[in-house]
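Notes follow once the structure below has been shown.
The values are calculated or read from the model by the stated rules, or taken from the named source; none is laboratory data. Keep in mind the model is a prediction, meaning the values are calculated, not measured. Note that we place each Cβ from the backbone using ideal geometry, even for glycine, and neighbour counts take in every protein chain shown.
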Amino acid sequence: MTTAQPERSYRWSRTHAFMDERGLDGLLVFGSDRSDRYDAGQYLGNDRRYQHLVVPRDGEPVMIGFSAQVAAQNMLSKERELDSWIDDLRIGRHTALMPQVAEELGLAGRRLGVIGLGWGSPFAAGGWVPKPTWEAISSRLEGTEFVDVTADFGLLMACRSERDLSRLARAAAAGDQAVRVVRELAKPGVSERELYAAAYASMLADGMRVTWMLMQSGLDNYAWGEPSWLIREEPSRILEDQDIVGFEMFPTFAELNTHINGSVLVGEPPAATLRCAEIARTAYEVGRDLLAPGRSFREVAEAMEEPLAEAGAWHITPHVAALNPLLAGGGLDVGIDRQVPGFAERFPHVDTENALFDFEIQEGMTFSLQPDARLGRHWALVGGVVVATGSGCRELNEVSPHVQHGG
């Protein structure tokens, strides 16, 4: 069965063109263990995350795996006539094997692009290759010209094929279903843990990789992140009347990632919460209507700030994120120092000015529009995955972009 071979041709042909345009004889690709953020090794090998590759301009990639289990799985897939893109797979330390393979392929002393040394995401602004690792490899390849192409290759990866977009739509649908599950369960007396477990189970049942989830609840909760009972030993919060539950889910299918942000209201929330929901929805619509090929990421991010500024609201999470890979996010923590009493005095060094990685939006790029709006300690957020198309922006989520009312 070779259903993915056209996808391999799509990715590899674009990679060869990328090397031609930059005068590169090959690529050294350092894998990442977070394919929801950036993993060119997984993109080119269609295999496990965190494997490394040497990619010659003329010829097929060589994968360097950490264990025989990687090779065994590859071999078993071929025996079962399943898709496997890589034929040449070496097992061992990449500090030794990467320069050895480069020499074997005639790439020593040539001009090589390196993926993993530069901007890979807001979480890996300086790359993810440890200094001793890079020194061990580069010292073995004397006379070789190394060019950091991490950010540029990330933008190439971001333009997804129609096949990938259909996979992404499946992941987005799984996120919507998990939101429905939370909506049905959310009522006074139910714990955060019950909601978290049910949403997680729903996504797993739909065949998703679920890396983690963010969830907070409470009428006047100005925090964000994973529930603290996952981090340290403390009780799971119990929902009360007038509560709101906010979440960010990350269902991933075929290593294509989504950010599903949303809110569920419990009972009859106060007017301030409903106003936050209106502001967040307005910001979502601004992003949706503006996002299109030819626009800049910064232009969309800054436009989504305007409804909050006009309403005197603040936000703690980014309004927009570039997905697959997670190359960029909008500003975060904007206004918390002004609107949460005592915050600025206790944390005077919190930086609320955020530098954006800017780029031109192209057709096939995927994003999460995920605004949250907060008035003092009241809050609400919405969100969903969108795709830049030739005619503008296509929404993949139907449920999460609207605040939901619990059962």
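Assess whether Val210 counts as being among the β-branched types (Val, Ile, Thr) and in a helix (DSSP H, G or I). Step through it out loud before you land on a result.
Details: among the β-branched types (Val, Ile, Thr): yes; in a helix (DSSP H, G or I): no.
In short, no.
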State all residues of region 42-86 that are farther than 24 Å from Gly23 by Cβ, touching an Asp or Glu at 6+ places or on another chain (Cβ under 6 Å) and of a type in the set (Lys, Arg); if no residue qualifies, say none. Arg49
All but one of (1) out of contact with any strand residue (DSSP E or B) (no Cβ under 9 Å at 6 or more places or on another chain); (2) modelled with pLDDT under 95; (3) not basic (Lys, Arg) hold for Ile316; which doesn't? (1)
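Is it the case that some residue within region 104-124 is part of a helix (DSSP H, G or I), assigned by TED's automatic domain parsing to the domain that holds Trp12 and farther than 30 Å from Pro251 by Cα? Outline the logic, then answer.
Start the filter on region 104-124 by keeping residues that are part of a helix (DSSP H, G or I), which leaves 104.
If we keep only those that are assigned by TED's automatic domain parsing to the domain that holds Trp12 too, we end up with 104.
Narrowing the set further to residues that are farther than 30 Å from Pro251 by Cα leaves 104.
Yes: one or more hits.
Mind telling me which of the residues Leu204, Leu256 ends up being of a type in the set (A, V, I, L, M), free of Cβ contacts under 8 Å to residues at least 12 places away in the same chain and in the same structural domain as Leu396 (by TED's automatic domain parsing)? Can you show your working first?
Details: Leu256 fails: free of Cβ contacts under 8 Å to residues at least 12 places away in the same chain.
One residue alone meets the criteria, Leu204.
Give the residues of region 106-128 that are farther than 20 Å from Asn324 by Cα and crowded, with 19+ Cβ neighbours inside 10 Å, sorted by residue number. Quick ask: steps written out before the conclusion?
First, the residues of region 106-128 that are farther than 20 Å from Asn324 by Cα: 106-113.
Hits for region 106-128 are Leu107, Leu112, Gly113.
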Mind telling me which of the residues Ala311, Ala280 ends up being surrounded by fewer than 19 Cβ atoms within 10 Å (Cβ to Cβ) and either among the aromatic types (Phe, Trp, Tyr) or at pLDDT 95 or above (or both)? Ala311
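Looking only at region 65-82, filter to residues that are touching a helix residue (DSSP H, G or I) at 6+ places or on another chain (Cβ under 9 Å) and surrounded by 15 or more Cβ atoms within 10 Å (Cβ to Cβ); which one of those is modelled with the lowest pLDDT?
First pass over region 65-82, keeping only residues touching a helix residue (DSSP H, G or I) at 6+ places or on another chain (Cβ under 9 Å): 65-66, 82.
Narrowing further to those that are surrounded by 15 or more Cβ atoms within 10 Å (Cβ to Cβ): 65-66.
Values: Gly65: 92, Phe66: 88.
Checked region 65-82; the qualifying residue modelled with the lowest pLDDT is Phe66.
Identify the residue in region 391-407 that is aliphatic (A, V, I, L, M) and within 21 Å of Ala373 (Cβ to Cβ) and, among all such residues, is surrounded by the most Cβ atoms within 10 Å (Cβ to Cβ). Talk me through it step by step, then tell me what you get.
Step one: filter region 391-407 for residues aliphatic (A, V, I, L, M), giving 396, 399, 403.
Right, trim to within 21 Å of Ala373 (Cβ to Cβ) and you get 399, 403.
Values: Val399: 19, Val403: 22.
By that ranking, first place goes to Val403.
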Mind checking whether some residue in region 212-224 is under 20 Å from Asp39 (Cβ atoms) and either among the hydroxyl-bearing types (Ser, Thr, Tyr) or not assigned by TED's automatic domain parsing to the domain that holds Pro122 (or both)? yes
Looking only at region 174-205, which residues are more than 26 Å from Thr273 (Cβ to Cβ) and surrounded by 18 or more Cβ atoms within 10 Å (Cβ to Cβ)? Ala174, Met203
Identify the single condition in (1) more than 18 Å from Ser400 (Cβ to Cβ); (2) free of Cβ contacts under 8 Å to residues at least 40 places away in the same chain; (3) of a type in the set (S, T, N, Q) that Gln216 does not satisfy, given that it satisfies every other one. (1)
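In region 125-149, what count of residues is obtained for those that are assigned to a loop (DSSP other than H, G, I, E, B), small (Gly, Ala, Ser) and at pLDDT 95 or above?
First, the residues of region 125-149 that are assigned to a loop (DSSP other than H, G, I, E, B): 125-130, 139-144, 149.
In the following step, the residues that additionally are small (Gly, Ala, Ser) were identified as 125-127, 139, 143.
With the extra rule that they be at pLDDT 95 or above, the set shrinks to 139, 143.
Residues meeting the conditions: 2.
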Please go through region 13-64 and give me each residue that is surrounded by 24 or more Cβ atoms within 10 Å (Cβ to Cβ), closer than 19 Å to Glu145 by Cα and among the aliphatic types (A, V, I, L, M), ordered by number. Leu27, Leu28, Val29, Leu53, Val54, Val55
Determine whether region 172-190 contains at least one residue that is closer than 30 Å to Ser13 by Cα, touching a Phe, Trp or Tyr at 6+ places or on another chain (Cβ under 7 Å), among the small types (Gly, Ala, Ser) and not in a strand (DSSP E or B). no
Under 7 Å between Cβ atoms, which residue pairs at least 6 apart in sequence (or on different chains) link something in region 266-293 that is assigned by TED's automatic domain parsing to the domain that holds Pro401 and in a helix (DSSP H, G or I) with a partner that is among the polar types (S, T, N, Q) and at pLDDT 95 or above? Ala277/Ser263
